[in-house]
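Visitor: Sending over a structure as C-alpha cells; questions will come in a sec.
The values are calculated or read from the model by the stated rules, or taken from the named source; none is laboratory data. Small disclaimer: the values here were computed from a predicted structure and weren't measured. Quick reminder, even Gly has a Cβ in these numbers, built from the backbone with ideal geometry, and neighbours come from all protein chains shown. For the accessible areas, the whole protein counts, side chains as well, though only heavy atoms, and no ligand, DNA or RNA atoms are used. Shrake-Rupley method; radii C 1.70, N 1.55, O 1.52, S 1.80 Å.
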Amino acid sequence: MQKDGFKVQQIVALDGISKSFIDGHEQHRVLDGVTLTLHQGDTVALTGPSGSGKSTLLNLIAGFDNPDSGALSLLGRPSSGFSSADWAGFRRKQLGMVFQQFNLLTPLNVRDNIGFPLALNRQPWSAWCEHLCDRLGLNPLLSRAVDSLSGGQQQRVAIARALAHRPQLLLADEPTGNLDEQAGLEVMALLCELAREGGTAVLMVTHSETCAGFMQRRWHLSRGRISEYHSADPSQAQETDHG
Ligand SMILES: Nc1ncnc2c1ncn2[C@@H]1O[C@H](COP(=O)(O)OP(=O)(O)OP(=O)(O)O)[C@@H](O)[C@H]1O
C-alpha cells in the first residue's frame, strides 16, 4: 500500500484464516476464511456479537493459538516459519496488549509495571515513557502499588505498559470494559492519540459503538466472516477483502 508516495508497512495480514473448536461432539467453526490487512498507523475497531470469535482472532495474531488453515503474516513475514523464539521476540518487541482485566503485575509498583517491557528488551526508561506517564496522568502514582489504584488508574497503567517499548502493534480486548462511560471515553481518546504518536497500529475489540468511533476503520465479525463498515451501524457492513 502507498500513502503520499511512500510505501506503508504491512503489520498484520490474514489470508483465508479458519479456526474451529470442538463443542461437545460437534465442531464449531469460529473463523471461516478471514482475510484482512492492517497497515502501519491503522486504528481498527473489531466488533461482533458475543462468542463471534473476536478474542480468538486476537489470540491467533498474538501467536497464543494456531489457525487450522490459511496464512498469517506479521511485519511481512509468514508466521508459518516462526520458531518459538521468533514468536517470543515478536511479542516482546513488536506487540503491546491491553486486556479488560488489566493483567498488571501486582507485586510491582506503577513505574516497574510500565518499565517491565523495557526490562525484557534491555531498554532504559526513556523520554517516551516520561511522555506517556505525563499524558496519562501517572506521574503522581509512579511509586504506588498497582493493586492500590482505582480501575481507571490501573487501565492507564496498562496502556502505558503496552506502549512503553513503542510496539508496531497494539491488540486491545475490551480495554474500557471495566470503566464507566466517561472514564472509558477519556482513556480511549488517549490510547488513540498515543498510539498515533508512537506509530503503533491498533486492533481493538469493543462492544461500544462510541469507542469504535475513535478508530479510523471498523470491522465486524459475524458467522466467522469479517466485514468492513463505515457507518455506526454494523448491519450495513459489506464483506470485503482488506488489501
Ligand atoms: N480454547 C477454546 N476451546 C473451546 N472453545 C473455545 C476456545 N476459545 C474460544 N472458544 C469458543 O469459540 C467461540 C468464540 O469465542 P471468543 O472468545 O473468541 O468470542 P468473542 O467474540 O471474543 O466473545 P465475547 O465478546 O463474549 O468476549 C465461543 O463459542 C467460545 O466458546
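Visitor: Is at least one residue of region 20-33 in contact (Cβ under 8 Å) with a residue 24 or more places away in the chain and under 30 Å from residue 179 (Cα atoms)?
Guide: Checking region 20-33: at least one residue is in contact (Cβ under 8 Å) with a residue 24 or more places away in the chain and under 30 Å from residue 179 (Cα atoms).
Visitor: Got a number for residues in region 40-65 being in contact with a Pro (Cβ under 7 Å, 6 or more places away or on another chain) and within 7 Å of the ligand (Cβ to nearest atom)?
Guide: Quick first cut of region 40-65, residues in contact with a Pro (Cβ under 7 Å, 6 or more places away or on another chain) only: 47, 60.
Narrowing further to those that are within 7 Å of the ligand (Cβ to nearest atom): none.
Total satisfying the criteria: 0.
Visitor: Restricting to region 66-96, and then to whatever is open to solvent by 30 Å² or more (accessible area, probe 1.4 Å) and in contact with a helix residue (DSSP H, G or I) (Cβ under 6 Å, 6 or more places away or on another chain), can you tell me which residue is farthest from residue 33 (Cα to Cα)?
Guide: Checking each candidate, the answer is 92.
Visitor: Is it the case that residue 96 is touching a Lys or Arg at 6+ places or on another chain (Cβ under 9 Å), in contact (Cβ under 8 Å) with a residue 40 or more places away in the chain and away from the ligand (no atom under 16 Å from the Cβ)?
Guide: Yes, satisfied.
Visitor: Further question: Quick one: which residue in 68, 86 is farther than 30 Å from residue 209 by Cα and either within 16 Å of the ligand (Cβ to nearest atom) or in contact with a Pro (Cβ under 6 Å, 6 or more places away or on another chain) (or both)?
Guide: Exactly one residue qualifies, and that residue is 68.
Visitor: What's the total number of residues in region 177-210 that are closer than 16 Å to residue 152 by Cα and free of Cβ contacts under 8 Å to residues at least 60 places away in the same chain?
Guide: 12
Visitor: Do you know which residues across region 190-208 are open to solvent by 40 Å² or more (accessible area, probe 1.4 Å) and over 21 Å from residue 52 (Cα atoms)?
Guide: 193, 196, 197
Visitor: Can you spot a residue in region 131-146 that is of a type in the set (Asp, Glu) and either closer than 30 Å to residue 63 by Cα or within 16 Å of the ligand (Cβ to nearest atom) (or both)?
Guide: Scanning region 131-146, I find no residue that is of a type in the set (Asp, Glu) and either closer than 30 Å to residue 63 by Cα or within 16 Å of the ligand (Cβ to nearest atom) (or both), so the answer is no.
Visitor: Suppose the filter is at positive phi and open to solvent by less than 40 Å² (accessible area, probe 1.4 Å); does residue 151 pass it?
Guide: no
Visitor: Taking the stated definitions as given, is residue 115 over 13 Å from the mean Cα position of the chain (by Cα), more than 16 Å from the ligand (Cβ to nearest atom) and open to solvent by less than 30 Å² (accessible area, probe 1.4 Å)?
Guide: For residue 115, the condition - over 13 Å from the mean Cα position of the chain (by Cα), more than 16 Å from the ligand (Cβ to nearest atom) and open to solvent by less than 30 Å² (accessible area, probe 1.4 Å) - is met.
Visitor: How about region 24-38: which of its residues are in a strand (DSSP E or B) and either within 6 Å of the ligand (Cβ to nearest atom) or open to solvent by 10 Å² or more (accessible area, probe 1.4 Å) (or both)?
Guide: Residues satisfying the conditions are 26, 27, 28, 29, 30, 32, 33, 35, 37.
Visitor: Same structure again: Can you find a residue that is open to solvent by 10 Å² or more (accessible area, probe 1.4 Å) and either of a type in the set (Phe, Trp, Tyr) or at pLDDT below 95 (or both) anywhere in region 13-22?
Guide: yes
Visitor: Can you name the residue in region 42-65 that is under 15 Å from residue 90 (Cα atoms) and open to solvent by 10 Å² or more (accessible area, probe 1.4 Å) and, of all such residues, is nearest to the chain's Cα centre (by Cα)?
Guide: Once the filter is applied, the top-ranked residue is 59.
Visitor: OK, next. Kindly establish whether residue 141 is under 22 Å from the mean Cα position of the chain (by Cα) and among the hydrophobic types (A, V, I, L, M, F, W, C). Before the answer, list the steps.
Guide: Working: under 22 Å from the mean Cα position of the chain (by Cα): no; among the hydrophobic types (A, V, I, L, M, F, W, C): yes.
The answer is no for residue 141.
Visitor: I've got another one for you. Filter region 154-188 down to the residues that are at pLDDT 85 or above and open to solvent by 40 Å² or more (accessible area, probe 1.4 Å), then identify the one that is farthest from the ligand (Cβ to nearest atom).
Guide: 166
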